[in-house]
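First the structure, in the form of structure tokens, and then the observations on it.
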Amino acid sequence: MDVGAFATDIGLVTVAGSALGLDRRAAFQVMVSQPIVVVPVLGLLLGNLQVAVWLGAVLQLLWMSSLLVGASVPPNETVASVAIGGMVLMFGRHVQPIDMPVLALAILIGAPLSHVGRWVDVSLDRANLHLADLADEAARAERPALLNRLPLIGLLRTFLATAMIVVPAVLAGLGLLAWLRPLLSGALLRSFEVIAVYFIPALGMAVSLSTVRRRRALLLAAVAFATVWFATWQMEMR
Amino acid sequence: MDAGTPPMRRTVGQLTLVRMLWRSFFFLAATNYERMQNVGFAYCMQPALTRLYEGEALKQAMQRHLQFFNTHPYMANALLGATARLEEQVAEGRLQPEQVQSFKTCMMGPMAAIGDSFFFASLKPFAAALAIAGVLSGEAWAPLVFLLLYNLFHLSLRMYGLWAGYRMGERVFEKLYRIDLVQFSDRSHYLAGLCLGVGAGLLGREAMRSKATLGQGLEPLLFTALVLIFFQCIKRRMSLLGLLYGSCALCVVVILILNAAYPLL
């Protein structure tokens, strides 16, 4: 294994993932932190856009209901997506070609990181209490310059917190993938293909459909599904 | 007007509004548990406050914007613009400072409700579902459609909200309410449903073309059955991780048993 290339890749995943992760709550909120964007960006950087785009779409389906509404702190889909995307893409570059069982394994390994991310978000909100106190001090001392620095401190904290999850998660996940993938063979390999092709996308689709709030919209979804299925079936029969 | 409040020096001005717009992108950077977005609000208001006040009046103005504040980050811009207008009136001595705080307190809830339901619960799922359908039909650039569609609404409303808020002051909520974002969100649920249906069909097609094929075109049937089972489980508030690991473990066990019974599988 080329250690230099490996270190460069983990650096790229960490810096790009953590920088895009700022978009989720700390800055901009232009949605570049969503799985369907962040994973393809990692794919562009690591030279495998095709797999990254598919993976990003499936992860987006899985975490479609993760909404930052009101004061709630939902699971952090960005951290999990960066880790899953990073481990899959690095596996493809440094271990062996990516196949469907690898994608299923990576999602199963990385999914709980969304809850680690949520815990970190809650901790950051607690740590930021100190920033509110500093803001009071800035107002009392008529020091607007101090107030101007506080969001920067918040951004830096968020960036570092994301990076501190991503680096160990990608390294450990990659190690697990490299260990587990060769163990899959025969029926076990087949079952992970089924998980990747049916179970995970179907779960993602169900999660996404649960965000649709109108009953007639679900009916529309059923009609669209039946139409595509019929058209596909016609084409396959030819 | 309080005896200690100095006379107005100048109005907020367009350049200050531009600075407030830029700062509004970091509105949530210092969100905290106790007073939520208070630091973000004060940070965004600071260019306006330093233009309008100095000395003790600036100190008081900064302090009143460090009170509890929590709303939707995009809709906050309308409140920032309106608050800047109200602060001008306070600086002129035409309004009591307490009225600025009560305006913010009254408006943050309704603004949050509109923003959450339109942007996060409606537009985001629709734009994402459209991009997913695009990706599954082989368009690698589909994520860009998601970003363009979402941010067309997002950035427009941020800019419009700030300037409309500044122009209209307290009446900005009526103006935003008249845009009828609620109706837009209603329609976007139908569009999201349509795109998700197409996406589900394309995933069924992928299953037909994969190595894990069942033959006789039955793959979409299995896929549909799984979606329906998972959908019912989610409606019963089962956790995502529980469903993910539970169903995958079940799949492995079933395939191993089937393989033992019918080794040809």
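Summary of computed values
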item: In nm, spacing of pseudo-spin labels at B:E139 and B:S210 (7 Å Cα→C-beta vector); result: 2.4
item: Relative contact order [Cα under 8 Å, 6+ residues apart], chain B, whole percent; result: 18
item: Value at 222 nm in deg cm²/dmol, rounded to 500, when DSSP H runs of n ≥ 4 in chain A each add -39,500 (n - 2.57); result: -26000 deg cm²/dmol
item: Distance between segment A:37-61 and segment B:225-265 - C-alpha centres, whole angstrom; result: 26
item: Label-reachable residues, segment A:131-152, where backbone N falls under 18 Å from a point 7 Å from B:Q63's Cα toward its Cβ; result: A:132-147
item: Computed FRET value (nearest 0.05) for A:V122 with B:L221, which takes r as the C-beta separation and R₀ as 30 Å; result: 0.10
item: Ranking of A:I36, A:I165, B:I179 by count of other Cβ atoms within 10 Å, fewest first; result: B:I179, A:I165, A:I36
item: ³J(HN,Hα), Karplus 6.51/-1.76/1.60, whole Hz, each residue of segment A:84-93, x for Gly, Pro; result: 5, x, x, 5, 5, 5, 6, 4, x, 8
item: Segment A:3-237 shape via C-alpha gyration tensor axes, a/c threshold 1.5; result: oblate
item: J(HN,Hα) series, segment B:81-94, from Karplus relation 6.51 cos²θ - 1.76 cosθ + 1.60, nearest Hz, glycine and proline x; result: x, 5, 5, 4, 4, 5, 5, 4, 5, 5, 5, 6, x, 8
item: Separation of the A:W233 and A:N148 label points, Cα + 7 Å toward Cβ, nm; result: 6.6
item: Order of B:R205, A:R213 - criterion: other Cβ atoms within 10 Å of each residue's Cβ, fewest first; result: A:R213, B:R205
item: Net charge, B:G193 excluded, C-beta distance under 13 Å - Lys, Arg +1, Asp, Glu -1; result: +4
item: From phi via Karplus (6.51, -1.76, 1.60), per-residue ³J(HN,Hα) for segment A:105-119 in Hz, x at Gly/Pro; result: 4, 4, 5, 5, 6, x, 4, x, 5, 4, 7, 4, x, 5, 4
item: Tensor-based shape of segment A:123-238 (alpha-carbon gyration tensor, a/c under 1.5 rounded, otherwise prolate or oblate); result: oblate
item: Length-normalised contact order of segment A:3-237 in % [C-alpha pairs under 8 Å, at least 6 apart]; result: 26
item: Whole-Å distance, taken between Cα centres, linking segment A:165-238 and segment B:46-101; result: 50
item: Length-normalised contact order of segment B:1-156 in % [C-alpha pairs under 8 Å, at least 6 apart]; result: 22
item: Global geometry of segment B:181-261, whether rounded, prolate or oblate, following the gyration tensor of its Cα atoms and the 1.5 cut on a/c; result: oblate
item: Burial order of peptide ranges A:26-32, B:12-18 (average beta-carbon count within 10 Å, highest first); result: A:26-32, B:12-18
item: Residue exposure sequence - B:K235, B:K59, B:K124, B:K175 - by fewest surrounding Cβ within 10 Å; result: B:K235, B:K175, B:K59, B:K124
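FYI, it's all coordinate maths here, none of it is from the lab. Worth saying up front: this structure is predicted, and the values here are computed from it rather than measured. Cβ atoms come from the backbone with ideal geometry, glycine included; neighbour counts cover every protein chain shown.
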